[in-house]
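Asker: The structure's right below; bear with me while I get my questions together.
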Amino acid sequence: MTPADLLAVPGVPESTLDAATSAELPAEAPLAPWNCASTGIVWLSRGGPAALAVAGSDVARGARAPVVIGGLISYRSTPVGEYHEVFGGVALRTGRQLAVTIPFMAVDSRDSVVGGRQNWSLPKVLARFTGEPTSLAMTAEGDGWSVRVTAKPIAPRLPVRTTGRVMQAWPDGSVRSAVLTGRARSRPALVTVEVRSDGNLASWLRPGRHLGAVMTDTAFTLPEPG
């Protein structure tokens, strides 16, 4: 991916990479697949027209957007080391087919910004983080926006298998997908979400109390998209 393509990865305004930041990024990052280990707080909220709009017409053509998936993640092992992440993903259903596209993502690792954009066209930008999923509270803050979550577990931990197709639009107009596979221990929780933004982030990554989970012992692989 060229420097111009790196800047042109599609995403919502809160995930816009500016030229000054791009100039300070590493020239390259490890190629896919990435094997990662993490903990996190994730939640589900209602989708709808606002979520479908931010998914983008190339990815969402003919689809419905019934659900939005949010998450604040702490990675303890990746090809670029430890880092934190916040994301907002839109679940898209087309007939019986289900995929997730991610129009909003931010991290506190420059190498992860490059790796996410180059490998999967994930619109990663830089942000600041406080807290940890294991403390049941975490905050991410970027230029003109912030996302804060607190989790209240409501059930015991259970082992789960994770499989999902991540589908992203690329700067050249193509749409490519990769199937994430992994495992975790999931503890159902009520997750209170606070979203502040100068833009429309809160219109689709909805604030409020949502059903979610505290994910521990998570290990997954995200391969090269096809």
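Asker: Taking the stretch 1-25 as the region of interest, how many residues are surrounded by 14 or more Cβ atoms within 10 Å (Cβ to Cβ) and in a loop (DSSP other than H, G, I, E, B)?
Answerer: Total meeting the criteria: 9.
Asker: Kindly evaluate residue 181 against the criterion of being open to solvent by 20 Å² or more (accessible area, probe 1.4 Å), free of Cβ contacts under 8 Å to residues at least 60 places away in the same chain and either assigned to a loop (DSSP other than H, G, I, E, B) or within 24 Å of residue 134 (Cα to Cα) (or both).
Answerer: When the stated conditions are applied, residue 181 passes them.
Asker: Run residue 224 past the list (1) within 25 Å of residue 49 (Cα to Cα); (2) open to solvent by 40 Å² or more (accessible area, probe 1.4 Å) and report the number of the one that doesn't hold.
Answerer: The number of the failed condition is (1).
Asker: On the given criteria, is residue 217 open to solvent by 30 Å² or more (accessible area, probe 1.4 Å), of a type in the set (Asp, Glu) and closer than 24 Å to residue 54 by Cα?
Answerer: Working: open to solvent by 30 Å² or more (accessible area, probe 1.4 Å): yes; of a type in the set (Asp, Glu): yes; closer than 24 Å to residue 54 by Cα: no.
No, not satisfied.
Asker: Further question on the same structure: For residues in the stretch 1-27 being among the small types (Gly, Ala, Ser) and modelled with pLDDT under 95, which is farthest from residue 139 (Cα to Cα)?
Answerer: Within the stretch 1-27, the match that is farthest from residue 139 (Cα to Cα) is 4.
Asker: Mind counting the residues in the stretch 54-76 that are open to solvent by 20 Å² or more (accessible area, probe 1.4 Å), assigned to a helix (DSSP H, G or I) and touching a residue at least 40 places away in the same chain (Cβ under 8 Å)?
Answerer: The qualifying residues number 2.
Asker: Among the numbered conditions (1) farther than 25 Å from residue 217 by Cα; (2) modelled with pLDDT of 95 or more; (3) in contact with a Leu (Cβ under 9 Å, 6 or more places away or on another chain), tell me where residue 93 comes up short.
Answerer: Checking residue 93 against (1) farther than 25 Å from residue 217 by Cα; (2) modelled with pLDDT of 95 or more; (3) in contact with a Leu (Cβ under 9 Å, 6 or more places away or on another chain), the one that fails is (3).
Asker: List the strands (runs of 3 or more DSSP E) inside the stretch 123-167, counting only whole elements, that have at least 2 residues being surrounded by fewer than 16 Cβ atoms within 10 Å (Cβ to Cβ).
Answerer: Counting at least 2 such residues, we get 128-132, 145-153.
Quick grid of which residues meet (1) at pLDDT 95 or above; (2) closer than 25 Å to residue 61 by Cβ; (3) touching a strand residue (DSSP E or B) at 6+ places or on another chain (Cβ under 6 Å):
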position	(1), (2), (3)
115	yes, no, no
138	yes, no, yes
145	yes, no, yes
149	yes, no, yes
164	yes, yes, yes
205	yes, yes, yes
225	yes, yes, yes
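Asker: What are the residues in the stretch 193-214 that are more than 21 Å from residue 14 (Cα to Cα) and either out of contact with any Ser or Thr (no Cβ under 7 Å at 6 or more places or on another chain) or surrounded by fewer than 18 Cβ atoms within 10 Å (Cβ to Cβ) (or both), if any? Break it down into steps so the answer makes sense when it comes.
Answerer: So in the stretch 193-214, the residues more than 21 Å from residue 14 (Cα to Cα) come out as 209-214.
Hits for the stretch 193-214 are 209, 211, 212, 214.
Asker: Another question about this same structure. Could you check the stretch 184-212 and list, in sequence order, the residues that are outside any helix (DSSP H, G or I) and in contact (Cβ under 8 Å) with a residue 60 or more places away in the chain?
Answerer: If the condition is that a residue be outside any helix (DSSP H, G or I) and in contact (Cβ under 8 Å) with a residue 60 or more places away in the chain, then 189, 191, 193, 197, 199, 200, 205, 206, 208, 210, 211, 212 are the ones that fit.
Asker: Kindly provide the set of residues from the stretch 28-53 that are closer than 30 Å to residue 3 by Cβ, modelled with pLDDT of 95 or more and open to solvent by 30 Å² or more (accessible area, probe 1.4 Å), ordered by number.
Answerer: Residues satisfying the conditions are 30, 31, 33, 35, 53.
The values are calculated or read from the model by the stated rules, or taken from the named source; none is laboratory data. Only a predicted model underlies this, so the values are computations on that prediction, with no experimental measurement involved. Cβ atoms come from the backbone with ideal geometry, glycine included; neighbour counts cover every protein chain shown. These accessible areas exclude ligands, DNA and RNA; they are computed on the full protein's heavy atoms, side chains included. Shrake-Rupley method; radii C 1.70, N 1.55, O 1.52, S 1.80 Å.
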